[in-house]
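Contents: one structure, followed by commentary.
Read the figures in this text as sums done on the coordinates, not as results from a lab. Quick caveat: nothing in here was measured; it's all calculated off a predicted structure. In this analysis, Cβ positions are derived from the backbone assuming ideal geometry, glycine residues included, and neighbour counts consider all displayed protein chains.
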Amino acid sequence: MHVIDVPASTPYRVHIGTRLLEASGGIIASACGGAQAAVITDSNVGPLYADIVADSLKAAGYAVCVFTFEAGEEHKRADTLLAALEFLAEHELDRNDVVVALGGGVTGDLGGLAAALYMRGIKLAQMPTSLLAMVDSSVGGKTAIDLEAGKNLVGAFWQPRVVIADIGCLGTLTPEQFADGCGEVVKHGVIADPDLFAALEQTPPTLQLLMTNLARVEAIVARNIEIKRDVVAQDEREGSVRKLLNFGHSIGHAIEACAAFTIGHGNCVAAGMCAITRAAIAEGACDPDVIDRLTGLLEACGLMTTSPYSAEELFACALHDKKRHGDSIDLVIPRRIGACSIENVSLDAFRILIEEGLAS
Ligand code: GLY
């Protein structure tokens, strides 16, 4: 069991361990109080875990209601958000009550935004069940839905009161879903922790590792949350260093958009990290060893290391990136394993970097 305190504007605790679904009611009651808990989950996760969490919440004294939406990024939309908000109102949740977002990144984003908006903001407990949500999206307070024009274009910073990551939930992920989370794990190694990166190279995180060494996977998740904690504690609203967490994301988001979101986010980020690293090496800005180590680790995790789309296609999609400011865009440039910098580059320079990143 690991416990990590996040010193955000509203401080909160992250609990990482096993059998935490069963213990969640008591943990949420201590962190949030309130009389009613609304569990927001999706059609994949709800049937697996909602009853366990609801029973635990009831045992802790909560009246419980469960809102289940259709799983998939294509449902992280305004109509689902509105349905969730109507559900909270129908069940008469008040300002003291709590939303429990139980699921992967889509559920955390959508449930978190519902909590941020309902009655101008009620308490939120994040219960991530995917590796990606555990190591990244459940911590740091970003919540959002997508618009036709792009991903995460409507959102709020809304800090949870508690995060509960039950490592046992990872056992029901497919190898592809598990690998998707590894994209963000590897990213954290590159931006902040050469020792983590080297340890991952020794023992790549896979579902097989989860089966044979659960404690190791728990330790990897905990270290990732510490890295994220350290970044968001310095810069909660992404004015400066939090941008480092976008390593690989400008090109990764473009791949995701070109693929109409049929390729997982972490997989797209993996290919995006490789592309920007190749470009940084071509520009003489990055230690040349980085690309072989990065591609080697990502391949061991079962992730993509090249873009399935041309530079022209990616550039067209990247123009919609919300990190773009007029004629320029903030990019995270790797220097060596464990050190990256944030550079504002012109769109013309970005186009050249994409071309360099896709040249083998
Ligand atoms: N996933 C990047 C961030 O939380 O800032």
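For the stretch 132-255, report the translational diffusion coefficient in µm²/s to the nearest whole number, using Stokes-Einstein at 10 °C, 1.306 mPa s, and a Kirkwood Rh over Cα pairs. Each step should come with its number before you reach the end.
Working: Rh = 15.5 Å.
D, rounded to a whole number, is 103 µm²/s.
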> Projected onto the charge dipole of the chain (+1 at Lys/Arg Cβ, -1 at Asp/Glu Cβ, origin at the Cα centre), which of I276, G103, A78 gives the Cα projection farthest towards the positive end?
Replying inline: G103
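Quick one: in the stretch 205-261, what % of C-alpha pairs are over 18 Å apart? Walk me through the numbers before you get to the answer.
On the way: 916 of 1596 pairs.
I get 57 percent for the Cα pairs in the stretch 205-261 exceeding 18 Å.
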> If you average 1/r over every pair of different alpha-carbon atoms in the stretch 198-321 and take one over that average, what Kirkwood value in Å do you get?
Replying inline: 15.9
>> What would the Debye equation give as log₁₀ I(q)/I(0) for the stretch 1-95 at q = 0.23 Å⁻¹, counting only Cα atoms as equal point scatterers?
In response: -1.26
>> For a quick size check, give me the Cα extents of the stretch 192-235 along its three principal axes, largest first, whole Å.
In response: 36, 17, 12
> Once the principal axes of the Cα atoms of the stretch 49-133 are found, what is the range along each, listed largest first in whole angstroms?
Replying inline: 34, 27, 17
> If only Cα atoms are counted, what is the Rg of the stretch 240-288, and what is its Dmax, in Å?
Replying inline: 11.6, 34
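Kirkwood hydrodynamic radius, the chain, all distinct C-alpha pairs: what's the number in Å? Kindly include the intermediate steps, with their values, before the conclusion.
Details: mean 1/r = 0.0491 Å⁻¹.
For the chain, inverting the mean 1/r across all distinct Cα pairs yields 20.4 Å.
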> Which three extents, in whole angstrom, do the alpha-carbon atoms of the stretch 14-63 cover along their principal axes, largest first?
Replying inline: 28, 24, 17
